[in-house]
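The structure appears below as structure tokens.
The values are calculated or read from the model by the stated rules, or taken from the named source; none is laboratory data. This structure is a prediction, so every number in the text was calculated from the model and none was measured. Here the Cβ is made from the backbone with ideal geometry for all residues, glycine too, and neighbour counts use every protein chain on show. Only protein heavy atoms, including side chains, enter the accessible area calculation; ligands, DNA and RNA are left aside. Shrake-Rupley method; radii C 1.70, N 1.55, O 1.52, S 1.80 Å.
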Amino acid sequence: MRKLTRSWQIFRKSLTLIGREKKLLIFPLLSACAMLLLFVLIIAGIAGVCYLAVNGSPDGAEAAFADTGSEEGNPALNAVVFAIFALVYLFCMTVANFCNTAFFSEIIRGLGGENVSVSRGFGYALYRLKAIFFWSLLASTIGIILSVLERRAGLVGRIVLKLIGVVWAVASVFAVPAIVCDPELSNPFTALKRSASIIRRTWGETLIGFAGLHIITWVGVFLFLLALFAVGALIGAAGGGAVPVITGAGVGMLLFLCFFAFCYLVSVAEKVYIASLYLYATDRDELNLFDDEELAAAFRSRE
């Protein structure tokens, strides 16, 4: 219970920074908009290619999509599809890491007492584009390899690969903050090594804060579903009718918006938490939001 209480205190203080620097809330929105635009462009591109393949060259389309009779289908087509998927995955990963770099750079400035600037954050991300691309290349390659192996593995193999994926996710959690804090860092393996070393040196209660934030999120999910159930029960008790249904729909929409805002704040606070732990673990003096006792308890080194 003490650990959960401590996580709540750190979460509350993360909200303090967010309340002071409300521009931090803009970064995830811009990232979501960028990914949505990218998704639309990808879908439009795929639709355009399919249209040209079907209408531009019928014979070529039939030859390309012809069934060879084997379980693997057309090897040439499979190779093309795989290459396109890999490039799209790399591009999406680069965009996501670009936005995260901009976000973390301004979080760290905010933790140091500076005012947050959206344009400065993305400007710094543009300056670190080389390191972002190399890290995205490594991360996307690992992701694709794990995905391909998982598709070909049996049940036990899939479980093992899932565990490897979890280990990879944990080991790489501080890679982007490392890229942000070290302007000379461009080697993705060095970023991964630095992230993993922080995890290894501070393994004790590293995940307690993350677990606490996820528990807070699940509590919010439970309360949201409970409120929706209560609204539905009240509508049923009212005997139906237009007025209760419309009122219930309005209340349900309001509850959904509140739940979305809550989850959004938790996700932003989690990024603040990660940045704070990285600064503390690397003995940087920019940190002034959390006191040593709280962070030492949540991120204790094992000698």
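Just the number, please: carbon plus sulfur as a percent of the accessible area of segment 113-154, 1.4 Å probe, no ligands or DNA/RNA counted. Please report the intermediate quantities before stating the final value.
Details: 1480 of 2330 Å².
That fraction is 63 percent.
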Charges on Cβ only, +1 for Lys and Arg, -1 for Asp and Glu, centred on the Cα centroid of segment 89-190; of 168, 180, 113, which one is farthest towards the dipole's positive end? 168
Leaving out ligands and nucleic acids, note down the accessible area per residue over segment 136-205 with a 1.4 angstrom probe, in whole Å². 54 Å²
Counted charge near residue 161, where neighbours are those whose Cβ lies closer than 15 Å (Asp, Glu -1; Lys, Arg +1): +3
Could you state how much accessible area residue 119 has, in square angstrom rounded to the nearest 10, with a 1.4 Å probe and all protein chains kept in place? 90 Å²
Under a plain spin-label model, where a point goes 7 Å from the Cα along Cα-to-Cβ, how far apart in nm are residue 32 and residue 91? 2.3 nm
Rolling a 1.4 angstrom probe over the protein chains, ignoring ligands and nucleic acids, what is the accessible area of residue 130 in square angstrom, nearest 10? 130 Å²
If 253, 35, 93 are ordered by their accessible area, calculated over protein heavy atoms with a 1.4 Å probe, which sequence runs from highest to lowest? 253, 35, 93
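Let's test the formula: R0 of 45 Å, r as the Cβ-Cβ distance of residue 193 and residue 225. What FRET efficiency results, to the nearest 0.05?
Calculated transfer efficiency: 0.60.
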Please work out the FRET efficiency for the pair residue 156 and residue 118, using the Cβ-Cβ distance as r and a Förster radius of 51 Å; give the result to the nearest 0.05. 0.60
